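*Asks:* Below: one structure in structure tokens.
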Amino acid sequence: MKSKFQADKNGYYGQFGGAFIPELLYPNVKELEDNYLKIIESESFQKEYKGLLKDYVGRPTPLYLAPRLSEKYGAHIYLKREDLNHTGAHKVNNTIGQILIAKQLGKKRIIAETGAGQHGVATATVCALMNLECVVFMGEIDIKRQAPNVARMKMLGAKVIPATSGSKTLKDATNEAIRDWIGNPDDTYYLIGSVVGPHPYPDMVARLQAVISEEMKWQLKEHTGKENPDTVIACVGGGSNAAGAFYHFLDDSTIELIAVEAAGLGVYSGESAATSQLGDVGVLHGSKTILMQDEYGQVIEPYSISAGLDYPGIGPLHAFLNESNRAKFMNATDQEALDAAYELTKLEGIIPALESAHALAVLSKIDFKKDQVVVVNLSGRGDKDLETYIKHLK
Ligand SMILES: *Cc1c(COP(=O)(O)O)cnc(C)c1O
């Protein structure tokens with residue numbers, strides 16, 4: 001039987017998903033939709049994808065039982081170490097997969113948009129690896145805010161094009177990328193960085209990130225004798241690391257899934273990215289989901305101290321997990337995330353990404369049972385956030 005947490009053939013999870021795109025994009029999206037499952041399920045794709053994940057990315061990433069964190073919170077707390085991937089986060093699991101799909105489709109040119117630059121770097125990395133032309137659209141303001149990632153992308157050979165319209169941030173970069181794709185339908189592949197966008201992107205990206213929970217299962221079995229945890233916790237920007245961490249546990253409702261959004265200065269402060277609390281139904285980036293919008297349907301600029309969670313929507317799978325109560329949505333403020341990052345650093349000697357620190361921040365808000373097995377998906381490392389951490393050094 002097909003899981004209700006899998007996209008149906010039109011890309012819907014309950015009422016969320018689908019493909020709301022300009023007519024000019026139909027051929028591109030249809031080409032991908034007709035081919036992505038065949039490619040992903042082929043033996044040759046699996047061999048190359050798994051080979052690169054192992055030898056280039058460094059998978060499997062460890063599942064680490066964090067002893068001092070466990071002691072502090074009175075549960076068995078494991079960290080899934082996505083921070084140890086090449087380029088320092090889970091994003092590369094997806095870009096490796098999509099670059100192989102693009103090659104199979106005979107594409108020669110890759111476009112992407114990026115907000116903080118993390119997805120741009122992960123895309124530029126795999127384009128260098130595969131010797132493909134790479135064009136990254138980025139809001140003019142974000143280019144100024146994220147200079148080190150812009151430098152990385154350039155060194156990797158990508159062309160970074162500023163989006164100068166609107167608020168000059170992520171949504172404007174997205175518009176530029178879509179415009180480019182419409183203009184270059186034959187040779188260009190649009191590489192999206194999270195479980196967002198029109199069908200088939202959310203399903204495709206979830207499948208490519210599912211390696212995270214696939215590994216968790218056998219790693220938990222080695223550690224505990226059982227392949228299922230009691231609880232999985234992950235942060236949600238668009239939702240790709242959470243989708244990967246939840247994927248193989250979605251159908252077993254005895255496993256608690258916790259999605260953590262960024263509350264910024266406070267959920268109701270006007271400076272927040274807690275979409276599930278503040279958003280309602282609308283269309284964002286080509287799919288029906290929940291997003292933060294004003295009474296006229298204009299997207300509200302989100303805010304979070306962590307650039308990767310600073311997104312005005314969540315992917316359609318997460319909108320459905322929230323609506324159906326399959327996942328519990330929690331949130332953490334900037335300050336709570338900073339405190340959690342310092343705590344992990346001091347207790348375990350691991351500096352987490354600010355995004356991942358939001359997931360860690362809810363540990364102090366949960367009443368754990370004594371032998372509860374909890375996995376926190378540590379989506380990335382904190383090197384990119386050092387400047388922010390040092391400003392808040394205690
Ligand atoms: C981009 C990013 C995120 C947020 O993206 P998702 O698609 O929600 O996973 C989380 N953590 C890190 C380290 C990131 O770079």
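The values are calculated or read from the model by the stated rules, or taken from the named source; none is laboratory data. The shown structure was predicted, so the numbers you read here are calculated from the model rather than taken from an experiment. A quick note on method: Cβ atoms are made from the backbone with ideal geometry, for glycine too, and the neighbour counts reach across all protein chains shown. Side chains are part of the model used for accessible areas, which takes the heavy atoms of the whole protein and leaves out ligands, DNA and RNA. Shrake-Rupley method; radii C 1.70, N 1.55, O 1.52, S 1.80 Å.
*Asks:* Would you grab the residues whose amide H sits under 5 Å from the one on His90? Only those 5+ places off in sequence or on another chain, please, with H modelled 1.01 Å from N.
*Replies:* Under 5 Å from the amide H of His90 lies no amide H from a residue far enough along the sequence or on another chain.
*Asks:* Divide by every residue of the chain the summed helix terms, -39500 (n - 2.57) for each DSSP H run of at least 4, and state the resulting mean residue ellipticity at 222 nm, rounded to the nearest 500 deg cm²/dmol.
*Replies:* -12000 deg cm²/dmol
*Asks:* Something else about it: Taking the chain as the region of interest, what is the percent of Cα-Cα pairs per 20 angstrom bin, listed from the shortest bin to the one with the maximum distance?
*Replies:* Bins of 20 Å from zero give 30, 62, 8 percent of pairs.
*Asks:* A follow-up question, please. Could you pull out every residue, at least 5 positions away or on a different chain, whose amide H is within less than 5 Å of the one on Cys134? Hs are placed 1.01 Å off N in the peptide plane, and Pro or chain starts have none.
*Replies:* The answer is Ile110, Lys159.
*Asks:* Helix 43-52 against the longest principal axis of the chain: what's the angle in degrees, Cα atoms only, rounded to the nearest 10?
*Replies:* Its long axis makes an angle of about 60 degrees.
*Asks:* On C-alpha positions alone, give me the angle between the axis of helix 91-104 and the longest principal axis of the chain, in degrees, nearest 10.
*Replies:* 30 degrees
*Asks:* Quote the charge dipole size of the range 242-367 about the Cα centre in Debye, to the nearest 20; the model charges only the Cβ of Lys and Arg (+1) and of Asp and Glu (-1).
*Replies:* 220 debye
*Asks:* Taking θ as phi - 60°, what are the ³J(HN,Hα) couplings along the range 286-295 by the Karplus curve (6.51, -1.76, 1.60), each to the nearest whole Hz, with x for Gly and Pro?
*Replies:* x, 9, 7, 7, 9, 8, 7, 9, 8, 5
*Asks:* Calculate how steeply helix 26-41 sits against the longest principal axis of the alpha-carbon atoms of the chain, using the helix alpha-carbon long axis, and give the answer as 0 to 90 degrees to the nearest 10.
*Replies:* The angle comes out near 50 degrees.
*Asks:* With a 1.4 Å probe and all protein chains kept in place, how do Arg326, Arg152 rank by accessible area, largest first?
*Replies:* These residues rank, largest area first, as Arg152, Arg326.
*Asks:* Given labels modelled 7 Å from the Cα in the Cβ direction, how far is it in nm from Met155 to Lys108?
*Replies:* Each label point lies 7 Å from its Cα, and together they span 3.0 nm.
*Asks:* Projecting each Cα onto the charge dipole of the range 35-148 (Lys/Arg +1, Asp/Glu -1 at the beta carbon, about the Cα centre), which of Ile96, Leu65, Gly115 comes out farthest on the positive side?
*Replies:* Leu65
*Asks:* Choose one answer from Gly238, Gly74, Gly120: the residue with the largest mean-square fluctuation in a GNM of the chain with alpha-carbon springs under 10 Å.
*Replies:* Highest fluctuation among the options: Gly74.
*Asks:* Placing unit charges on C-beta atoms (Lys and Arg positive, Asp and Glu negative, everything else neutral), compute the dipole magnitude of the chain about its Cα centre in debye, rounded to 20.
*Replies:* 820 debye
*Asks:* Give me a comma-separated list of calculated 3J(HN,Hα) values for the range 125-141, in order, Karplus coefficients 6.51, -1.76, 1.60 applied at θ = phi - 60°, integers in Hz, x for any Gly or Pro.
*Replies:* 4, 6, 5, 4, 4, 9, 6, 10, 5, 10, 10, 10, 8, 8, x, 4, 5
*Asks:* Right, something else. If the elastic network links every pair of Cα atoms under 10 Å, which of Phe368, Phe329, Phe320 fluctuates the most in the Gaussian network model of the chain?
*Replies:* With Cα springs under 10 Å in the chain, the top fluctuation among Phe368, Phe329, Phe320 is at Phe368.
*Asks:* Just Glu133, Glu33, Glu222 to compare: in a GNM of the chain, with alpha carbon springs under 10 Å, which one fluctuates most?
*Replies:* Of Glu133, Glu33, Glu222, the most mobile in the Gaussian network model is Glu222.
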